[in-house]
Amino acid sequence: MGVIRRQGIKTSIVAYFGVLLGAFNTLWLYPRFLEASEIGLISLLTNVSLIIAPLAQMGVNGVILKYYPYVKNEKKKLGSFLYFILLIPAFGFLIAMLLLFLARNLVIDAFSENSALFVDYLFVLVPFSFILVGRNIADAFSRAQLRVAMPKFFKEVILRILIVIVVLIYSLSKLEQDFLIYGFVVAFGINLVLMLVYLKQLQSIKIKWSLKFLSKSMIKESLIYGMYIILSGFAGMIVTKIDSWMIASKLDLANTGIYTIALYIGLAIEMPKRSLNLISLPVVGKALKNNKIDEVEDLYKKSSLIQLIIGGLLFTCVWINIDSLFELIPNSETYATGKYVVLFIGLAVMFDMATGINTEIILMSNFYKWNVVIMIILIVLAIVNNEIFIPIYGINGAALATFISIVVFNIIKYFLVWNKLSIQPFTLKTLISISIGLSLFGIGMALPTTKIPLLDIIYKSSLISAIYIFLHLKLGVSKDLNKLTFLVLEKLKIKR
């Protein structure tokens with residue numbers, strides 16, 4: 001895990017600095033300077049654009065990760081490959097926009113009653129989706145070269161700083177709402193430009209405006225693979241973003257805004273998974289290409305365990321401090337209604353992390369087509385669950401629906417990988433980590449409060465974290481955790 005560890009550490013540092021900025025933006029800046037309905041509007045525009053983007057990309061991001069190793073050492077092939085991966089999404093974007101145009105009346109009917117403001121800004125989906133497509137492709141090309149730290153920095157840090165500037169100018173200058181929406185789109189556009197500049201410096205590639213340097217068999221195989229990635233990527237976004245879409249449709253933008261705040265707290269737990277999986281995908285692809293199943297299994301087990309350990313600690317710290325966290329949010333009485341959204345999303349994320357890199361293994365394997373079947377099942381499940389639970393439980397129902405969908409999704413993937421490759425991520429150390437987590441969770445819930453929110457968060461989190469990490473190190477649950485801890489101690493010049 002040498003390359004993964006180095007890039008993972010760098011990416012994790014950037015990610016958690018980004019989490020601090022994201023926490024500042026989402027938990028303080030937005031509630032302080034924006035109305036709940038404005039937060040909901042921004043969230044909905046972003047999520048719908050994120051749903052459109054995978055369709056417009058036509059699976060080219062997956063094609064980059066899977067086939068880049070085959071062309072990277074030949075300049076002419078690489079130049080043709082770059083032309084190929086630009087040509088496909090250009091065509092895909094036109095199709096996506098045509099579908100959006102044809103479906104505009106359906107969208108207007110769905111949102112005009114409860115979220116009319118979204119209808120007013122429907123046209124923003126065009127440039128917003130285009131920017132996200134470009135950013136996703138640039139990110140995939142960077143990941144294929146095992147470089148994820150800088151793109152992560154642009155996305156998690158620079159973008160959020162730009163958003164802070166947009167929100168503050170909008171609020172303090174009392175500008176029209178158009179400035180807020182357009183400002184968000186421009187911030188994402190700047191993020192894309194930075195990504196492209198970085199890629200140019202990382203590797204100078206001369207585009208060959210022809211496909212003649214690529215074999216017909218590779219083009220055909222890539223297109224077929226891309227079609228499956230389209231379906232899985234599009235389905236994945238529908239599953240993860242359909243909740244805010246349906247809340248806005250069935251409730252209103254204010255509830256969407258409240259859900260967005262609570263969702264952020266829950267999803268912050270999965271930062272380690274994002275960082276590790278960004279770099280794991282091309283490594284898994286290379287191992288499977290060389291039929292080194294033992295390497296895949298080793299990475300599968302290690303990723304599952306380290307994600308479970310870190311995710312378990314973060315979930316425990318979040319939930320034992322949940323009331324204090326909401327008290328720190330401006331207009332907390334409004335946003336505290338999303339408390340149990342955090343619980344369901346946090347549990348869903350924990351389960352997802354515990355199952356390791358199952359998605360990456362499936363996507364990089366010869367049985368990647370199964371991912372489409374799984375996704376179709378998941379889409380149906382997510383829509384049905386949201387239809388059932390949102391009218392009954394509101395935003396908590398949406399979170400419950402997401403929890404059920406993610407758990408079922410990962411169970412299916414677990415058994416698929418086990419059946420096809422005879423590998424699975426769990427060991428006895430998994431049970432040891434879960435036992436430590438449950439014990440510390442119980443202790444954390446029993447700790448007394450000082451009635452000072454920030455003080456409660458600091459003392460509870462510090463105490464639980466110290467005991468949690470000590471027990472994992474003492475029992476030798478994860479070699480990677482031990483190595484990472486000792487590395488940090490050495491950097492701090494602390495003797496062990």
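Test residue 214 against the stated conditions and say whether it is surrounded by fewer than 19 Cβ atoms within 10 Å (Cβ to Cβ) and more than 24 Å from the chain's Cα centre (by Cα).
no
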Exercise for the section: For the stretch 335-349, state whether one or more residues are under 23 Å from residue 421 (Cα atoms) and among the β-branched types (Val, Ile, Thr). Expected result: no
Practice task
Report, ordered by the first and then the second residue, all pairs with beta carbons closer than 8 Å, sequence separation of six or more or different chains, a first member in the stretch 42-59 that is within 21 Å of residue 110 (Cα to Cα), and a second member that is among the basic types (Lys, Arg) and part of a helix (DSSP H, G or I).
Solution key: 47/241; 48/241; 50/241; 51/241
Exercise for the section: Pairs only if they're at least six apart or on different chains, beta carbon under 7 angstrom, first in the stretch 86-98 and under 17 Å from residue 138 (Cα atoms), second in a helix (DSSP H, G or I) and not aliphatic (A, V, I, L, M); list them, first residue then second. Expected result: 88/226; 89/57; 92/57; 93/130
Practice task
Could you grab the pairs with beta carbons closer than 7 Å, sequence gap of 6+ or different chains, first residue in the stretch 106-131 and in a loop (DSSP other than H, G, I, E, B), second one of a type in the set (S, T, N, Q) and surrounded by 17 or more Cβ atoms within 10 Å (Cβ to Cβ)?
Solution key: 114/249; 115/249
Exercise for the section: Note down all Cβ pairs under 8 Å where the first residue falls in the stretch 341-358 and is at pLDDT below 90, the second is among the β-branched types (Val, Ile, Thr), and they're at least six residues apart or on different chains. Expected result: 357/284; 358/417
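Kindly check whether there is at least one residue in the stretch 203-214 that is part of a helix (DSSP H, G or I) and of a type in the set (Ser, Thr, Tyr). Talk me through it step by step, then tell me what you get.
Of all residues in the stretch 203-214, those part of a helix (DSSP H, G or I) come to none.
There is no residue in the stretch 203-214 that is part of a helix (DSSP H, G or I) and of a type in the set (Ser, Thr, Tyr).
Checking the conditions here, which among 141, 101 is farther than 21 Å from residue 244 by Cα, surrounded by 22 or more Cβ atoms within 10 Å (Cβ to Cβ) and more than 17 Å from the chain's Cα centre (by Cα)? Can you show your working first?
On the way: 101 fails: surrounded by 22 or more Cβ atoms within 10 Å (Cβ to Cβ).
The match here is 141.
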Practice task
Could you tell me whether any residue of the stretch 207-225 is small (Gly, Ala, Ser), without any contact (Cβ under 8 Å) to a residue 12 or more places away in the chain and under 30 Å from residue 365 (Cα atoms)?
Solution key: yes
Exercise for the section: Could you give me the residue pairs with C-beta distances under 8 Å whose first residue belongs to the stretch 179-190 and is touching a residue at least 24 places away in the same chain (Cβ under 8 Å), whose second residue is buried (at least 17 other Cβ atoms within 10 Å of the Cβ) and outside any helix (DSSP H, G or I) wherever it lies, and which are 6+ apart or on separate chains? Expected result: 180/34; 181/121
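Within the stretch 367-397, track down each residue that is outside any helix (DSSP H, G or I) and either free of Cβ contacts under 8 Å to residues at least 24 places away in the same chain or closer than 17 Å to residue 345 by Cα (or both). Can you show your working first?
Step one: filter the stretch 367-397 for residues outside any helix (DSSP H, G or I), giving 367-369, 394.
Within the stretch 367-397, just 394 meets the criteria.
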Exercise for the section: Might you let me know whether the stretch 231-241 holds any residue that is among the hydrophobic types (A, V, I, L, M, F, W, C), in a helix (DSSP H, G or I), crowded, with 23+ Cβ neighbours inside 10 Å and more than 15 Å from the chain's Cα centre (by Cα)? Expected result: no
Practice task
Just give me the residues in the stretch 43-54 being surrounded by fewer than 23 Cβ atoms within 10 Å (Cβ to Cβ) and either basic (Lys, Arg) or in contact with a Leu (Cβ under 8 Å, 6 or more places away or on another chain) (or both), in sequence order.
Solution key: 45, 50
Exercise for the section: Look at the stretch 154-178 and say how many of its residues are under 15 Å from residue 39 (Cα atoms), surrounded by fewer than 14 Cβ atoms within 10 Å (Cβ to Cβ) and hydrophobic (A, V, I, L, M, F, W, C). Expected result: 1
Completion exercise
Reported set for the stretch 221-240 where residues are among the aromatic types (Phe, Trp, Tyr) and modelled with pLDDT of 75 or more is 225
Handout entry: Failed item in (1) within 30 Å of residue 117 (Cα to Cα); (2) modelled with pLDDT of 75 or more, with residue 218 passing the rest
Key = (1)
Practice task
Pull up the stretch 398-449, narrow it to residues that are of a type in the set (Gly, Ala, Ser), assigned to a helix (DSSP H, G or I) and more than 23 Å from the chain's Cα centre (by Cα), then point me to the one that is surrounded by the most Cβ atoms within 10 Å (Cβ to Cβ).
Solution key: 433
Handout entry: Among the candidates 291, 358, residue that is more than 18 Å from residue 240 (Cβ to Cβ) and either crowded, with 23+ Cβ neighbours inside 10 Å or out of contact with any helix residue (DSSP H, G or I) (no Cβ under 8 Å at 6 or more places or on another chain) (or both)
Key = 291
Practice task
Output yes when any residue across the stretch 64-74 is out of contact with any Ser or Thr (no Cβ under 6 Å at 6 or more places or on another chain), closer than 30 Å to residue 302 by Cα and not in a helix (DSSP H, G or I), and no when none is.
Solution key: yes
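The values are calculated or read from the model by the stated rules, or taken from the named source; none is laboratory data. Quick caveat: nothing in here was measured; it's all calculated off a predicted structure. Cβ: placed from backbone, ideal geometry, glycine included. Neighbour counts: every protein chain shown.
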